[in-house]
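**Q** Quick one: this structure, given as structure tokens, is what I'll be asking you about.
Read the figures in this text as sums done on the coordinates, not as results from a lab. As the structure is a prediction and not an experimental result, all values here were calculated from the model. Backbone-built Cβ (ideal geometry, glycine too); neighbour counts: all protein chains shown.
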Amino acid sequence: MNEQRKDILDMLAEGKITTEEAEQLIAALERDQPSAASRLDARPKGKAKYLRLMVNTLEDGEPGRVDIRVPLQLIRAGVQLAALIPPQALDRANTELNKSGVPFDLKQIKPEQLEALVEHLDEMTVEIDQPDAQVRIFCE
């Protein structure tokens, strides 16, 4: 219970206000405070610890759900380990990625640039709504 609501109930208990006045004051408090749904959607401020991918679908009348939570520390460790991979192996990996339609150059990932990447991931939220699917990607 928040302090303002407690004060209203105390005034009611002491007979300083009527039940109707207490109801009006509590209703005014609730109007001024964000709804529970918007508080759930809001990510607490601070350093993000996870990259989250949530997918909800409806296929052939059956609901489907994917919920992936990747620790950002794992991404940090992966980038640092990638720095130890020999250049020949990176060339082969890049070639295979390109063959698969992923134009990504693993040589461009540098550990010293990782924190900037994580900072941008921290600010990222993607929401896609379609009649049969919803996709959310965000940091928490």
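**Q** If we sort 110-120, 95-105 on the protection proxy, mean other Cβ atoms within 10 Å, highest first, what's the order?
**A** Descending mean neighbour count gives 110-120, 95-105.
**Q** Same structure again: Straight-line reach only, C-alpha to C-alpha below 28 angstrom: list the lysines that K110 could link to, leaving out same-chain residues fewer than 8 apart.
**A** Candidates past the 8-residue exclusion: K45, K47, K49, K99.
**Q** Please give the charge dipole size of region 44-139, origin at the Cα centre, charges +1 on K and R Cβ atoms and -1 on D and E Cβ atoms. Round to the nearest 20 debye.
**A** Approximately 520 debye in magnitude.
**Q** How much length, in nm to one decimal, is gained on full extension between A77 and E20, taken as 0.36 nm per residue of separation minus their Cα-Cα distance?
**A** Details: separation 57, 0.36 × 57 = 20.52 nm, distance 5.92 nm.
Gain in length upon complete extension: 14.6 nm.
**Q** For the chain, what does the alpha-carbon gyration tensor say about shape, rounded, prolate or oblate, given a ≥ b ≥ c as the root eigenvalues, a/c under 1.5 as rounded, and a/b over b/c as prolate?
**A** Values: a/c = 5.03, a/b = 2.34, b/c = 2.15.
Because a/c hits 1.5 or more and a/b exceeds b/c, the chain counts as prolate.
**Q** Next question. May I ask which residue of F138, P111, L9 lies farthest towards the positive end of the charge dipole of the chain, with charges of +1 (Lys, Arg) and -1 (Asp, Glu) on Cβ and the Cα centre as origin?
**A** Projecting each Cα onto the dipole axis, the largest value belongs to P111.
**Q** Shifting gears a bit: Quickly rank 84-91, 24-31 as a protection proxy: mean count of other C-beta atoms within 10 Å, highest first. Write out the running numbers ahead of the final one.
**A** Working: 84-91: 10.5, 24-31: 12.2.
The packing order, highest mean first, is 24-31, 84-91.
**Q** What angle, in degrees between 0 and 90 and rounded to the nearest 10, separates the Cα long axis of helix 72-82 from the longest principal axis of the Cα atoms of the chain?
**A** Tilt of helix 72-82: around 10 degrees.
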